[in-house]
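Colleague: Handing you this structure, nothing more for now.
The values are calculated or read from the model by the stated rules, or taken from the named source; none is laboratory data. Because the structure is predicted, anything quoted here is derived from the model rather than measured. Ideal geometry is used to build each Cβ from the backbone, glycine not excepted, and the neighbour counts take in all protein chains shown.
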Amino acid sequence: MYIIKTLEDINTYKHKQAISEDMATYLKQEIQLLRDSLEPTVPLNRFSLDLHGPIAILESSQENLSSLGLPDSVLTFMPEWVSRKTIGGILYYAIFILADNDFMNQIYVPANNLSEPIEKWLSEQAEADEQGEGKLSGKSPY
């Protein structure tokens, strides 16, 4: 699991080749949108999701989510929002879990690493197909 709270986290994962260039571009734009919505006076390079909830990228739906303060499995909680996003030609499920009014976990899971029951469940939960591909949509669940 890759946990992202700052632009520096994105740069580190990209440098280690843990995330693709397309995913890095998409995440940087997400961080910018969140900063603009939540703390517009904070410089982008100093903005952190510590107080608002991290973005996590799972390599597999079987990963334990306890490091995010969530139940172990994706199947054991009810998200506020699930959508499908294509980023760099890869389909991801974006899962948004609201912990309280000010803290939301965003979890991205590549569809190609899902077991059949989890893929079916996420597909049923997904409320929208959204374009990722590094374009600012102006939409944010915050």
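Colleague: Does R46 satisfy the condition of being surrounded by fewer than 19 Cβ atoms within 10 Å (Cβ to Cβ) and touching a helix residue (DSSP H, G or I) at 6+ places or on another chain (Cβ under 8 Å)?
Modeller: no
Colleague: Report whether or not Y142 is among the hydroxyl-bearing types (S, T, Y) and at pLDDT below 85.
Modeller: Considered against the rule, which asks whether it is among the hydroxyl-bearing types (S, T, Y) and at pLDDT below 85, Y142 comes out as yes.
Colleague: Looking only at residues that are among the acidic types (D, E) and within 18 Å of K85 (Cβ to Cβ) in region 1-52, which one is farthest from the chain's Cα centre (by Cα)?
Modeller: E21
Colleague: Out of L38, L68, L44, which single residue is at pLDDT below 90 and either among the aliphatic types (A, V, I, L, M) or under 13 Å from I4 (Cβ atoms) (or both)?
Modeller: Only one candidate qualifies: L68.
Colleague: Would you check which residues across region 13-64 are closer than 22 Å to I90 by Cα, aliphatic (A, V, I, L, M) and without any contact (Cβ under 8 Å) to a residue 60 or more places away in the chain and list them?
Modeller: A18, I19, A24, L27, I31, I55, A56, I57, L58 - these are the residues of region 13-64 that are closer than 22 Å to I90 by Cα, aliphatic (A, V, I, L, M) and without any contact (Cβ under 8 Å) to a residue 60 or more places away in the chain.
Colleague: Could you list, in sequence order, the residues of region 68-111 that are under 16 Å from the mean Cα position of the chain (by Cα), of a type outside the set (A, V, I, L, M) and closer than 20 Å to A18 by Cβ?
Modeller: Those that are under 16 Å from the mean Cα position of the chain (by Cα), of a type outside the set (A, V, I, L, M) and closer than 20 Å to A18 by Cβ: K85, T86, G88, Y92, Y93, N105, Q106, Y108, P110.
Colleague: Also, I was wondering about something else. Counting just the residues of region 18-30 that are among the aliphatic types (A, V, I, L, M) and in contact with a strand residue (DSSP E or B) (Cβ under 8 Å, 6 or more places away or on another chain), which one comes out farthest from I55 (Cα to Cα)?
Modeller: Per the stated criteria, the residue is A18.
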